[in-house]
1. Looking for something hydroxyl-bearing (Ser, Thr, Tyr), open to solvent by less than 50 Å² (accessible area, probe 1.4 Å) and not assigned by TED's automatic domain parsing to the domain that holds GLY14 - is there at least one such residue anywhere in the range 147-154?
2. For GLU167, indicate whether it is free of Cβ contacts under 8 Å to residues at least 12 places away in the same chain and assigned to a helix (DSSP H, G or I).
3. Just to be sure before I move on: is ARG125 crowded, with 19+ Cβ neighbours inside 10 Å, within 30 Å of ALA54 (Cβ to Cβ) and outside the structural domain of GLY63 (by TED's automatic domain parsing) in the structure I sent?
4. Quick one: SER201 ticks every box in (1) modelled with pLDDT of 90 or more; (2) open to solvent by less than 70 Å² (accessible area, probe 1.4 Å) bar one, so which box is it?
5. Could you tell me which of the residues GLY211, GLY186 is part of a loop (DSSP other than H, G, I, E, B) and modelled with pLDDT under 90?
6. PHE93 fails exactly one of the following numbered conditions: (1) assigned to a helix (DSSP H, G or I); (2) surrounded by fewer than 17 Cβ atoms within 10 Å (Cβ to Cβ); (3) in the same structural domain as GLY63 (by TED's automatic domain parsing). What is the number of that condition?
7. Filter the range 58-69 down to the residues that are in contact with a Ser or Thr (Cβ under 9 Å, 6 or more places away or on another chain) and open to solvent by less than 50 Å² (accessible area, probe 1.4 Å), then identify the one that is modelled with the highest pLDDT.
8. Given (1) assigned to a strand (DSSP E or B); (2) at pLDDT below 90; (3) not hydrophobic (A, V, I, L, M, F, W, C), where does ARG27 come up short, assuming only one miss?
Amino acid sequence: MSRRSGILEFAVLGLLREAPMHGYELRKRLNTSLGIFRAFSYGTLYPCLKTLVANGWLIEEPGSAPEEAVASSLAGRRAKIVYRLTPEGKEHFEELLSHTGPDAWEDEHFAARFAFFGQTEREVRMRVLEGRRSRLEERLEKMRASLARTRERLDDYTLELQRHGMESVEREVRWLNELIESERAGRDQRPGTDAPHDNDSGETGGLPRHGGSTRPDPSDDTAK
């Protein structure tokens, strides 16, 4: 299984953990809520769904009322199929949520993982955020070294593009620093003090509570 296929399976399981959906709804949510999948097609999604069903992680159910299903049959249209997460699928997704290895720090995988941080335990969130920051700091060091070696040979536009890429990485590192500090503040919160924002995992911590800081796009090509 390719890395991108694994990310797609993870995202599908995560969305279906929220509610059962049919294929069109899933595709729409993947496109609008998880921007990393803007370019994927039905031809990518449906083989993924079939694989998840074959593994026992999803089940297919008729999505129309009985009279609508009959009308669809008479009209020669296929009735919509709704995909529902099985208990085994939920258990598998929760296992995937606990993974904190290097794959979770890469651009597309990190974006998918971050989209489901509300369902992720704080200690796992911290390890993923710190790993992502470490990966970007390594990338930034390499970019600076490369720019220092090649600066004299670059024209003004290529040089500006290099600088733009470095600024994108630096911006994401600052954003990660804010998130990590916010998570630590939630972890260190003592009883009797104002409680930080709660998330869906039932733990405090999470996003910084201030304006003016926007999340960089980890899939931005200039940050690679």
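1. Yes, the conditions are met somewhere in the range 147-154.
2. Yes, satisfied.
3. no
4. Against the list (1) modelled with pLDDT of 90 or more; (2) open to solvent by less than 70 Å² (accessible area, probe 1.4 Å), SER201 comes up short only on (1).
5. It is GLY211.
6. Only one criterion in (1) assigned to a helix (DSSP H, G or I); (2) surrounded by fewer than 17 Cβ atoms within 10 Å (Cβ to Cβ); (3) in the same structural domain as GLY63 (by TED's automatic domain parsing) is unmet by PHE93, namely (2).
7. The qualifying residue modelled with the highest pLDDT is LEU58.
8. Failing condition for ARG27: (1).
The values are calculated or read from the model by the stated rules, or taken from the named source; none is laboratory data. All values reported here derive from a predicted model rather than from experimental measurement. Cβ: placed from backbone, ideal geometry, glycine included. Neighbour counts: every protein chain shown. For the accessible areas, the whole protein counts, side chains as well, though only heavy atoms, and no ligand, DNA or RNA atoms are used. Shrake-Rupley method; radii C 1.70, N 1.55, O 1.52, S 1.80 Å.
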